[in-house]
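J.: Just dropping this structure here.
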Amino acid sequence: MQIHRLSVEEALKALGTTDQGLSEAEAARRLSEFGPNELQAADTIPVLAMLGRQCTHFLALLLWAAAALAFVADRMRPGEGMDLLGWAIIGAIGVNALFSFAQEYKAERAIMALRRLLPMRVKVVRTGEITEVPASDLAPGDLAILAEGDRVPADGRVIAAVQFRVDNAPLTGESIPKSRTSEAAAEGPLVESANVVFAGTTVLSGTARMIVFATGMNTEFGRIAHLTSGIEAEISPLQQEIRKLTRLIAAVSTGIGLAFFGFGVLIGRSFWENFVFAVGVLVANVPEGLLPTVTLALAVGGQRMAKRKALVKNLVSVETLGCATVICTDKTGTLTENRMAVTRLYIDGREIRVSGSSVTTEIGEPVAPELLRQWAPLFAIAVGCNNASRRRNQDDSGSTFVGDPTEIALLQCAGGLVPNGPDVAPRVGEFPFDADRKRMTTIHGASSSSKVAYVKGAPETVLPICRSILHDGRAVPLEGVDREAIMERLNLFAGSALRVLALAYRELPEAGRLPLMEEAERDLTFVGLVAMIDPPRPEVAEAMARCRKAGIKPIMITGDNSRTALAIARAIGMVRNEQASVLEGSRIERMQDEELKTALADPEILFARMTPTQKMRVVTLLKEMGEVVAVTGDGVNDAPALKKADIGIAMGIAGTDVAKEAADIVLLDDNFATIVNAVEEGRAVYENIRKFLNYILAHTLPELVPYLASVVFRLPLLLTVIQILGVDLGTDLLPALGLGAEPPDANTMNRPPRSRNERLLNVPSLIRSYLFLGPIEAVAAMSAGLWYLTYSGWEWGIDLPVASPLYRQATTVAFAAIVVCQVANVYACRSPRGSILSAGLFTNRLIVWGIGVELSILGLIVYSPIGHRIFGTDVFLGGFWWLLIGCAMLLLLLEEARKGIVRRFDPAKGLRYQEGTA
C-alpha cells in the first residue's frame, strides 16, 4: 500500500478509520494485533553474564589453569604454599573481572540516562474526543495530533496541516526543515513524500493531524534498527594482540615447563618434585599482573576520555580508536553547530558580514551605527514576519528559542545587532508559508491606522513582485541593474551553500478591512537578502589539521546536498583540492565495489544524499581496503554503519537511543574535536601498554633463572613461587599502572596510525625485555642471593632446609633485588629512547606513588611477621641494601648507555623522543 499516493479520504479508508479516529475498543484490538509502539530494545547482557564474560577470555583461562595446577600441586605435596598461590591467582582474576564489569556497567547506566527517543505521551482523537495516551499504545489507524516541539511518535500520513514543518535529520541526516502537507504525492518514494512524517523526527513549527500507518519495528526507525541488529561485532585490534600474546606466553611457558620436567626426570628427581617445579616455571612465565594492568590502563584511558567529553562503553574501544586510519563523520551537529546562523546580509548594494553581535563590511571595516538604524526595516521584517519565539525555561535557568531554525536565526541576528529590538507594530494578520508561493507575509498595524505587509521568502518568488528598492532609507524604483546586482549576489551566496531569504515590505493603503493575499503581496519594496548556514564548530578546523598531521583521513558522509557538504568541508579544511570528489547516493548505487574502492582511495572525498545502506557499504569497503574505520552518527540512520565500523561514535546530546546502543563511544558534547582528542588518548594507551609490557616482562627472566639454576647447578631455590606472585601482583602492579597512565607525548598526533600488522610486542621490545633488562635483573637477583649465602658461611653442595633462617633470608635478598631493580626499571621503561632526565623524575605522580607503595610493601614483606609468614621471608643484614641499590643504579646506567647508542645511530628519532616522549 503506497499510502503517500492516496488522497486523504482514500488513506482513511485504506487504514479502516475516519477523521473521528478509532474507538477505544478498536484501538485496543489493533494494539493487541500489532503490538506496542516500541522499538525492540537491544539485547541486554544479564549482569551475571557480563561479569562471567570478564572471567572467561583467553588470558583469564590461562590464569585459571595456573591456579588449578597450583591446587593440584598442593594436594600432592601440602605445606609448600601452593594453595595460597592458587587463591592469589583467583583473586587476581576476580579483581580484574570486577573492575572491567564496573566500567562496562557504569557506561551502560550512563547510556540509559541519555535515552530520549520517542515521546512518553501523545494526543490522539478517539471517537471524536481528544485524549492523551502513552506513545506505546498507538496502533495503525490512530489519529494523532502534532504541534510545535513534539517528537513524532510513529510513522503517519498527514491529513491536515497548518504551517507544518519537521526536522528529518535523525532519519535522513538532512538538516533543512521540511514542509508537510496533506496533498497526495504524484510520484517519488515514501521516504521523500511531503505528506508523511516519521517516528523520532521533530516538529519545528505549525500543527498537523496524522493517521498512524506503522508502529514499533515496522516504522522506518524500526527497519534501520533491525538492520543494525544483524551486524556481528568483531574483536578489536588490541583484543587480537592480547590473544596472540597470551597464546605465545602459554606455548612458551608450557614448553619450558615440559622441557625441564623431562630434564628433572633424567637427572633422577621424583615425579612430584618435577611437577611442582613445572608449576613454578609456569607461574614464573605467566605475567599474572598483565590482565589487571591492561584493564586498569584501559580504564585510566577511558577516564581521561570521559574528562574530555567522550564516554567509553567498552574498554577495548579506548585503544581501537587510537589506531583509526579513517574517520567517517556526518555533518550536522558534529562538524557544525546544528543551528542556523545569519552570516551575510545584502542591503543597499552592500554585502555585510555578521558574526554574533559583530557586523563588518566585505573588507572587514566596522559598520557605522547610523547605517544600522537606516536599515531598521530589514530587522523589523526579520522579527515581525516570524513565528519563532523565546520562552523561559521551566527551571528559571534562562530562556530558549522555539520554532523553525531559520526563523530563530533571524531573531538572533536582529537581537544581536539591535540590542533593544526593532520597532514592530502588532501583528493583525498572516498569510502562512506554503510550498507553492515559497513565502510568508504578515500584516502589522493598529486597526484604525495604516498597515504594512512584511514579506520573507525564496528570492526567486519575492523579487519578481518587487517594484522598488530601499536605498539610503528611501524607497526608489527597482531598475534592471538593481535586479542584476541582486541576482549576482544571490548566486554568489548560493554557490557558498548559504540558505538565502529575500525580505521586502509594502505600505498598505488605509482600509477598514485586512487586505487579501493578492493585495498584500504585490508592488513590494525590496529591502535585502539574508544568507545563513549551519555554521562549522569553531574548533573543528584545528581538529581537521590535527587529523592530517596524524595520518588520519576524514570523510564526510551526510544526508545533505552536495553543495552544502562541499562548502562546509572547505570551510573546515577537510577539503583543500579544487577538484575534490563529491559522490551522491544515487551515483553510488550505480557503482561497482571496485569502482567505489578506487574513489575511496582519493585523498579527499565527500558523500552526500546518503542512505543508511549506502553509508554501511562505504564503511564495509573501507574495512576491506585494510582501513581501521571510526564512524560518527546521531540518528537511527547512522546505527548500521556505527555497528559495522571498527569503532562507532554516537552523539550524546542529539543522538537517538538506537545510535547510542550501536556505538562503542558516546560524545557528551557532540563535537568532532572531541573525537580527535580521544584518538590521541587511544594512541597513548597503546604506547603505554607496550611500556608496561616491557616493564612486566623484564622480571620474567629473573623469576625463571632461580628455578633453572636450582635444577641444573643444584643450588638452593632463591625465589619461591609465592614470592614470584608477590612481585607480579603486589609490588609491581601500581608502578605498572603508573606507566599505563602516562599522558600522550607532544608528538603523538604527529605520527601516522600504527599498522594493523604491527605487533604489541615487536622484536625490539622482546630483545629489550628478555635479552637486556631481564638478564641484568636476573644477574642482580642471583648474585645478591648467592653472595648473601656465601657471606653467611654456606658452601656449594650443602643442603639448606626450606625452614632455615639462612634460606629464608637469602630468598628475601633475591626477592628484594628484583623489586629494587624494578624501581629503576619503571623509569627506564617510560621511553624506549629518551633519557629518564628528559621526562622528569616526578612528572608522573602515579609512578611516584606507585614506587612509594612498592617500597612500603617490600618493607612489610622483609620486616613484618605477617610478611614472613605469607611469603616465607626473613630479615637480612642491612648492609646488603647498598648492594641492591647499586644493582638498580647499574641497570639505569646500562639502559641510559643503550639509549644513547640508539640516539646516536638514529639521531632524528632520538631527538623526537627526547622532546616529546614521557
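J.: Need the failing condition index for Ser100 against (1) at pLDDT 75 or above; (2) crowded, with 16+ Cβ neighbours inside 10 Å; (3) of a type in the set (Ser, Thr, Tyr), just the number.
T.: Of (1) at pLDDT 75 or above; (2) crowded, with 16+ Cβ neighbours inside 10 Å; (3) of a type in the set (Ser, Thr, Tyr), only one is false for Ser100: (1).
J.: Of all residues in segment 186-213, count the ones that are of a type in the set (A, V, I, L, M, F, W, C), surrounded by fewer than 19 Cβ atoms within 10 Å (Cβ to Cβ) and touching a Leu at 6+ places or on another chain (Cβ under 9 Å).
T.: 1
J.: Another question, if that's okay. Output the residues belonging to segment 378-418 that are in contact with a Gly (Cβ under 8 Å, 6 or more places away or on another chain), open to solvent by less than 50 Å² (accessible area, probe 1.4 Å) and modelled with pLDDT under 90.
T.: Ala388, Ser389, Val402, Gly415, Gly416, listed by residue number.
J.: Kindly provide the set of residues from segment 654-673 that are within 24 Å of Pro538 (Cα to Cα) and modelled with pLDDT under 80, ordered by number.
T.: Passing the criteria: Ala654, Gly655.
J.: Can you name every one of the helices (runs of 4 or more DSSP H) wholly within segment 269-369 that holds 1 or more residues which are surrounded by fewer than 24 Cβ atoms within 10 Å (Cβ to Cβ) and at pLDDT 80 or above?
T.: Details: elements: 271-285, 290-307, 317-322.
Answer list for segment 269-369: 290-307.
J.: Looking at Arg165 and the list (1) in a loop (DSSP other than H, G, I, E, B); (2) of a type outside the set (S, T, N, Q); (3) touching a Leu at 6+ places or on another chain (Cβ under 6 Å), which single condition is not satisfied?
T.: Among (1) in a loop (DSSP other than H, G, I, E, B); (2) of a type outside the set (S, T, N, Q); (3) touching a Leu at 6+ places or on another chain (Cβ under 6 Å), Arg165 violates only (1).
J.: While we're on this one: Looking for something at pLDDT 75 or above, surrounded by fewer than 16 Cβ atoms within 10 Å (Cβ to Cβ) and outside any loop (DSSP other than H, G, I, E, B) - is there at least one such residue anywhere in segment 229-243?
T.: Within segment 229-243, the first condition is being at pLDDT 75 or above, and the residues that meet it are none.
No; the residues of segment 229-243 include none that is at pLDDT 75 or above, surrounded by fewer than 16 Cβ atoms within 10 Å (Cβ to Cβ) and outside any loop (DSSP other than H, G, I, E, B).
J.: Using the structure shown, decide if Ile866 is crowded, with 19+ Cβ neighbours inside 10 Å and either part of a helix (DSSP H, G or I) or free of Cβ contacts under 8 Å to residues at least 60 places away in the same chain (or both).
T.: Against the criterion (crowded, with 19+ Cβ neighbours inside 10 Å and either part of a helix (DSSP H, G or I) or free of Cβ contacts under 8 Å to residues at least 60 places away in the same chain (or both)), Ile866 does not qualify.
J.: Looking at segment 685-708, can you tell me whether even one residue there is outside any helix (DSSP H, G or I), over 30 Å from Phe263 (Cα atoms) and of a type in the set (A, V, I, L, M, F, W, C)? Let's see the steps before the verdict.
T.: So in segment 685-708, the residues outside any helix (DSSP H, G or I) come out as 699.
Of the ones still in play, those that are also over 30 Å from Phe263 (Cα atoms) are none.
Within segment 685-708, not a single residue is outside any helix (DSSP H, G or I), over 30 Å from Phe263 (Cα atoms) and of a type in the set (A, V, I, L, M, F, W, C).
For (1) open to solvent by 20 Å² or more (accessible area, probe 1.4 Å); (2) modelled with pLDDT under 90; (3) out of contact with any His (no Cβ under 6 Å at 6 or more places or on another chain), each residue gets a yes or a no:
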position	(1), (2), (3)
Gly859	yes, no, yes
Val862	no, no, yes
Arg898	yes, no, yes
Ala908	yes, yes, yes
Gln914	yes, yes, yes
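J.: Kindly evaluate Gln822 against the criterion of being at pLDDT 90 or above, among the polar types (S, T, N, Q) and open to solvent by 20 Å² or more (accessible area, probe 1.4 Å).
T.: Values: at pLDDT 90 or above: yes; among the polar types (S, T, N, Q): yes; open to solvent by 20 Å² or more (accessible area, probe 1.4 Å): no.
Taking the combined requirement at face value, the residue does not satisfy it.
J.: Which ones in segment 168-194 are assigned to a strand (DSSP E or B) and small (Gly, Ala, Ser)? Explain how you work it out, then say what you get.
T.: First, pick out the residues of segment 168-194 that are assigned to a strand (DSSP E or B): 178-179.
Ser179, the sole residue that qualifies.
J.: Let me ask you something else. Would you check which residues across segment 483-522 are in contact (Cβ under 8 Å) with a residue 40 or more places away in the chain and of a type in the set (Asp, Glu) and list them?
T.: Glu507, Glu510, Glu521, listed by residue number.
J.: So Leu846 passes all but one of these: (1) within 30 Å of Ala746 (Cα to Cα); (2) surrounded by 24 or more Cβ atoms within 10 Å (Cβ to Cβ); (3) of a type in the set (A, V, I, L, M, F, W, C). Which condition number does it fail?
T.: Exception for Leu846: condition (2).
J.: Another one. Kindly indicate the residue of segment 584-603 that is in a loop (DSSP other than H, G, I, E, B) and within 27 Å of the chain's Cα centre (by Cα) and also surrounded by the most Cβ atoms within 10 Å (Cβ to Cβ) among those meeting that condition.
T.: Pass one, segment 584-603, residues in a loop (DSSP other than H, G, I, E, B): 590-592, 601-603.
Those left that are additionally within 27 Å of the chain's Cα centre (by Cα): 601-603.
Numbers: Ala601: 10, Asp602: 15, Pro603: 11.
In this case the residue turns out to be Asp602.
J.: Enumerate the helices (runs of 4 or more DSSP H) found wholly within segment 477-582, keeping only those where 3 or more residues are open to solvent by 50 Å² or more (accessible area, probe 1.4 Å) and basic (Lys, Arg).
T.: Working: elements: 480-495, 517-520, 540-549, 562-572.
So the answer is 540-549.
J.: Return yes when Glu129 is of a type in the set (Asp, Glu), at pLDDT 70 or above and open to solvent by 60 Å² or more (accessible area, probe 1.4 Å) and no when it is not. I'd like the intermediate steps shown before the answer.
T.: Working: of a type in the set (Asp, Glu): yes; at pLDDT 70 or above: yes; open to solvent by 60 Å² or more (accessible area, probe 1.4 Å): yes.
Spelling it out, Glu129 is indeed of a type in the set (Asp, Glu), at pLDDT 70 or above and open to solvent by 60 Å² or more (accessible area, probe 1.4 Å).
J.: When you look at Arg157, is it open to solvent by less than 20 Å² (accessible area, probe 1.4 Å) and part of a strand (DSSP E or B), yes or no?
T.: Numbers: open to solvent by less than 20 Å² (accessible area, probe 1.4 Å): yes; part of a strand (DSSP E or B): yes.
Here the answer is yes, as Arg157 does meet what is asked.
J.: Residues of segment 795-813 being among the hydrophobic types (A, V, I, L, M, F, W, C) and open to solvent by less than 20 Å² (accessible area, probe 1.4 Å), which ones?
T.: Initial filter on segment 795-813 (among the hydrophobic types (A, V, I, L, M, F, W, C)): 796, 798, 800, 802-803, 806, 810, 813.
Within segment 795-813, Ala810, Val813 qualify.
J.: Quick one: Ala144 ticks every box in (1) under 19 Å from Ala27 (Cα atoms); (2) without any contact (Cβ under 8 Å) to a residue 24 or more places away in the chain bar one, so which box is it?
T.: Just one mismatch for Ala144, condition (2).
J.: If I filter segment 741-755 down to residues being in contact (Cβ under 8 Å) with a residue 40 or more places away in the chain and surrounded by fewer than 14 Cβ atoms within 10 Å (Cβ to Cβ), which single residue comes out as farthest from Glu624 (Cα to Cα)?
T.: Of the residues in segment 741-755, the ones in contact (Cβ under 8 Å) with a residue 40 or more places away in the chain are 741-754.
Narrowing the set further to residues that are surrounded by fewer than 14 Cβ atoms within 10 Å (Cβ to Cβ) leaves 746-747, 750, 752.
On the way: Ala746: 32, Asn747: 29, Asn750: 26, Pro752: 20 Å.
If we take residues in segment 741-755 being in contact (Cβ under 8 Å) with a residue 40 or more places away in the chain and surrounded by fewer than 14 Cβ atoms within 10 Å (Cβ to Cβ), then Ala746 is farthest from Glu624 (Cα to Cα).
Condition check ((1) modelled with pLDDT under 90; (2) closer than 19 Å to Gly726 by Cα; (3) open to solvent by 30 Å² or more (accessible area, probe 1.4 Å); (4) part of a loop (DSSP other than H, G, I, E, B)) across all residues:
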site	(1), (2), (3), (4)
Thr17	no, no, no, yes
Ala41	yes, no, yes, yes
Leu61	yes, no, yes, no
Phe71	yes, yes, yes, no
Glu80	yes, yes, yes, yes
Leu85	yes, yes, no, no
Ile90	yes, yes, yes, no
Val95	yes, yes, yes, no
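J.: Here's a follow-up. Of all residues in segment 756-778, which are over 30 Å from Ala324 (Cα atoms) and touching a residue at least 40 places away in the same chain (Cβ under 8 Å)? Explain how you work it out, then say what you get.
T.: Taking segment 756-778 as the starting set, the residues that turn out to be over 30 Å from Ala324 (Cα atoms) are 770-778.
Result: Tyr770, Phe772, Leu773, Gly774, Pro775, Ile776, Glu777, Ala778.
J.: Which count do you get for residues in segment 132-154 that are over 22 Å from Asp404 (Cβ atoms) and open to solvent by 50 Å² or more (accessible area, probe 1.4 Å)?
T.: 2
J.: Restricting to segment 429-453, name every residue that is open to solvent by 50 Å² or more (accessible area, probe 1.4 Å), in contact with a Lys or Arg (Cβ under 8 Å, 6 or more places away or on another chain) and either modelled with pLDDT of 90 or more or hydroxyl-bearing (Ser, Thr, Tyr) (or both).
T.: Across segment 429-453, there are no qualifying residues.
J.: Quick test of your reading of the structure: Leu463 fulfils all but one of (1) of a type in the set (A, V, I, L, M, F, W, C); (2) part of a helix (DSSP H, G or I); (3) farther than 25 Å from Pro477 by Cβ. Name the failing condition by number.
T.: Only one criterion is unmet by Leu463, namely (3).
J.: Further, regarding this structure: Pick from Ala828, Ala784: which is open to solvent by less than 10 Å² (accessible area, probe 1.4 Å), at pLDDT 90 or above, in contact with a Leu (Cβ under 7 Å, 6 or more places away or on another chain) and more than 25 Å from Leu717 (Cβ to Cβ)? Break it down into steps so the answer makes sense when it comes.
T.: Values: Ala784 fails: more than 25 Å from Leu717 (Cβ to Cβ).
Going through Ala828, Ala784 in turn, the sole match is Ala828.
J.: Take the residues of segment 665-680 that are open to solvent by 10 Å² or more (accessible area, probe 1.4 Å) and either hydroxyl-bearing (Ser, Thr, Tyr) or assigned to a helix (DSSP H, G or I) (or both): which is farthest from Ala650 (Cα to Cα)?
T.: Among them, the one singled out is Glu680.
The values are calculated or read from the model by the stated rules, or taken from the named source; none is laboratory data. Since this is a predicted model, take the numbers as computed values, not measurements. Cβ atoms come from the backbone with ideal geometry, glycine included; neighbour counts cover every protein chain shown. Accessible surface areas use protein heavy atoms only, side chains included; no ligands, DNA or RNA. Shrake-Rupley method; radii C 1.70, N 1.55, O 1.52, S 1.80 Å.
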